[in-house]
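The values are calculated or read from the model by the stated rules, or taken from the named source; none is laboratory data. These numbers were taken from a predicted model, which means no experiment stands behind them. Note that we place each Cβ from the backbone using ideal geometry, even for glycine, and neighbour counts take in every protein chain shown.
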């Protein structure tokens with residue numbers, strides 16, 4: 001057998017293994033700035049998400065609750081089963097401490113107590129979760145409870161890798177959430193006990209660039225994992241659903257995509273000038289910079305287009321959007337606003353002084 005034939009058989013034998021190397025059923029690597037999808041595998045396939053649900057639970061509680069509020073644990077906690085922080089009826093604990101128990105130890109008991117203390121009932125809390133999902137564009141997500149276990153009727157919290165990446169990207173904008181999710185060890189004291197919790201997210205110890213995440217597991221969902229990481233200025237979010245090698249795969253994907261992509265400030269919103277004949281002598285502006293992770297090959301292929309409404313169509317000062325594209329595919333979008341007297345873009349220093357005295 002000649003060398004060329006041997007090479008052919010080796011290629012056929014090992015190439016499929018390389019393509020199928022990622023063991024997760026669904027996966028995504030997302031740019032933590034622009035929400036650009038850098039890698040995807042079945043990213044829009046609805047799957048049970050288990051305790052990664054608690055990312056939404058924590059975000060809703062932080063946005064709607066009083067973190068310093070002392071909560072007396074009620075008998076509803078007895079309904080909890082599975083992973084727990086083992087709080088007891090009559091125990092007094094702050095919402096902040098409950099959130100650490102929720103995120104670090106995946107306490108289902110903490111999830112129930114949080115839901116009924118932040119809202120009037122678990123049912124109403126779940127409504128807030130689903131409303132937030134709609135706001136974030138999580139089109140294939142539905143929540144039935146704040147913990148992630150399947151319901152008695154078989155329904156379970158369902159989402160996609162893409163939707164969960166959107167959720168994590170939004171949650172990481174919240175300072176309190178970031179502080180909680182990246183904590184390795186936390187001590188909480190109540191009127192009855194002292195707890196010391198270790199974070200179940202093993203990447204916080206094994207991969208130094210990890211900034212947070214949430215684990216999950218049920219017999220039906222199998223292993224689910226959502227994590228975030230930052231290396232220098234670059235930020236990535238990775239989600240895997242039904243992956244027996246999730247921690248290993250997350251680290252490999254981080255190493256691969258941090259090596260391939262760099263953060264580029266495509267637009268500096270303070271310097272970028274927007275002009276259009278439909279808006280003569282008017283100031284159009286962006287509120288934010290446009291930062292995107294790009295490969296070396298992509299840096300010279302970026303195209304920017306403006307999409308503006310006709311002036312008579314505007315009901316607010318939001319008048320359109322700016323689209324960033326590569327090869328015709330949109331990779332980022334930023335809203336365009338019109339400066340008005342009621343919404344000045346900037347005030348001079350002396351104008352501010354004058355306004356203080358007036």
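Remarks
- Test for residue 35: is it at pLDDT 95 or above and over 30 Å from residue 266 (Cα atoms): no
- Any hit, the range 318-335, residues being exposed (fewer than 12 other Cβ atoms within 10 Å of the Cβ) and touching a helix residue (DSSP H, G or I) at 6+ places or on another chain (Cβ under 9 Å): no
Yes/no per residue for (1) at pLDDT 95 or above; (2) touching a strand residue (DSSP E or B) at 6+ places or on another chain (Cβ under 9 Å):
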site: 9; (1), (2): no, no
site: 39; (1), (2): yes, yes
site: 47; (1), (2): yes, yes
site: 51; (1), (2): yes, yes
site: 54; (1), (2): yes, yes
site: 60; (1), (2): yes, no
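- Restricted to helices (runs of 4 or more DSSP H) entirely inside the range 144-261, those with at least 3 residues that are surrounded by fewer than 21 Cβ atoms within 10 Å (Cβ to Cβ) and without any contact (Cβ under 8 Å) to a residue 24 or more places away in the chain are 246-260.
- Given (1) in contact (Cβ under 8 Å) with a residue 60 or more places away in the chain; (2) in a helix (DSSP H, G or I); (3) crowded, with 23+ Cβ neighbours inside 10 Å, number of the condition residue 28 does not satisfy: (2)
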